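So the structure is just underneath, and the comments pick up after that.
The values are calculated or read from the model by the stated rules, or taken from the named source; none is laboratory data. None of the values given here were measured: they were computed from a predicted structure. Positions of Cβ are generated from backbone atoms using ideal geometry, with glycine treated the same way; all protein chains shown enter the neighbour counts.
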Amino acid sequence: MSNRLLSWGLLAGFAVLIGIVAGLVVLRPASVQIQSGTLLQQARPIADFSLNGSDGKPFTKADLAGHWSVIYVGYTHCPDVCPTTLAQLKAVEKGLGEDAGKIRFVFLSIDPERDTPGALGQYTHYFSPDFLAVTGPNAQLDILGANLGFVYAKVPGATPQSYLMDHSSALILINPKAGLAGYLTPPFKTEALVSDLKQLVEKSS
Amino acid sequence: MALLLAGAAAAPAYADCKGLKIDNAWIPEAPPVASVLAGFASLVNDGDQPLHIDAVDGADFGSVELHQMSMEGGMMQMRPLQGLDLPAHGSVALAEGGKHLMLMNPKHPFKAGDASLLLFHCGKQATAARFTVKAAQP
């Protein structure tokens, strides 16, 4: 009887040990630590989606592959934080030097009703000609939102035309395999963003 | 008589909001296609009576709204404000990341160095302030 108990005990102990080892393997800290946000332990796959680029071309999951992407969710009728963040991303792009060519900055508008791709492109390219501006139907934005973990909501304004949009404020990091890699969260510091992005780019090259 | 008439014509349409001082009034430069601009300033009430600013307008903009920006659980939120209250000897900052003027439908593009006159209404009075456009500092 006590022998049987002992073997059960050993078995249970062994199972716990396996669990701990497996946990350590799965949950081991990411090899890159960033200051400006959080990297997921494992990049998450993204479902297919179809948006419109300001260049008139479709913007799909395939456009996220082959390079790092930093996606900023906002809208152009946002006078305060959106232009400030885009101006900051311009400073980050400059700070990255040659590495800037390995990262695509994407301004994703969640206000397709007012942000037509053309106007959105003009607005975005004022900050940098290399920034990509995309938007699309709400159904597609919702798919991407569910995959990338961003949310947005329309809020009534003083007039029907002056409605406001609430939106997630984090910058979304996509790795060169088009997987969700993590988030950079405000308040943003240009130097920290530059050093984090340099680390990511160098690690994956 | 002519002098008197000229004086009357040059007089502002409104009496100033008593005690209201508007300083550091500026507009961050935005893309020429932007259909909204932000307006920032420090508002001080030097008077012994509380002030309520119920509206802001300017000839260069289709309309002007007052907004409050905030961060709630990672969400950037904006809400329209029904005017601004300035207690006696109190102040309100219109600043990045907080309250701001939302200058809608500019009648022409603005670039750094330009200026625009905005009127802050408090009941039947109004105080004008000159807002200068400056490059936004990230």
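Summary table
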{"item": "Failed condition for A:VAL155, given (1) over 18 Å from A:VAL106 (Cα atoms); (2) more than 8 Å from chain B (Cβ to nearest Cβ); (3) of a type in the set (A, V, I, L, M)", "result": "(2)"}
{"item": "Residues that are more than 8 Å from chain B (Cβ to nearest Cβ) and either in contact with a His (Cβ under 8 Å, 6 or more places away or on another chain) or of a type in the set (S, T, N, Q) (or both), drawn from the stretch A:75-84", "result": "A:TYR75"}
{"item": "Some residue of the stretch A:134-152 being of a type in the set (A, V, I, L, M, F, W, C), more than 21 Å from the chain's Cα centre (by Cα), at the interface with another protein chain (Cβ under 9 Å from one of its Cβ atoms) and within 28 Å of B:LEU101 (Cα to Cα)", "result": "no"}
{"item": "Conditions (1) touching a strand residue (DSSP E or B) at 6+ places or on another chain (Cβ under 9 Å); (2) surrounded by fewer than 17 Cβ atoms within 10 Å (Cβ to Cβ); (3) within 10 Å of chain A (Cβ to nearest Cβ); (4) not aromatic (Phe, Trp, Tyr); number of the one not met by B:GLY73", "result": "(1)"}
{"item": "Any hit, the stretch B:36-56, residues being modelled with pLDDT under 90 and within 24 Å of A:PRO186 (Cα to Cα)", "result": "no"}
{"item": "Qualifying residue in the stretch A:106-124 (condition: touching a helix residue (DSSP H, G or I) at 6+ places or on another chain (Cβ under 6 Å), part of a strand (DSSP E or B), farther than 19 Å from A:ASP48 by Cα and of a type in the set (A, V, I, L, M, F, W, C))", "result": "no"}
{"item": "Single condition B:THR132 does not satisfy, out of (1) within 13 Å of another protein chain (Cβ to nearest Cβ); (2) exposed (fewer than 15 other Cβ atoms within 10 Å of the Cβ); (3) under 29 Å from A:ALA91 (Cβ atoms)", "result": "(1)"}
{"item": "Selection status of A:GLU98, part of a loop (DSSP other than H, G, I, E, B), out of contact with any Ser or Thr (no Cβ under 6 Å at 6 or more places or on another chain) and more than 10 Å from every other protein chain (Cβ to nearest Cβ)", "result": "no"}
{"item": "Out of B:GLN125, B:GLN77, sole residue that is polar (S, T, N, Q) and without any contact (Cβ under 8 Å) to a residue 24 or more places away in the chain", "result": "B:GLN77"}
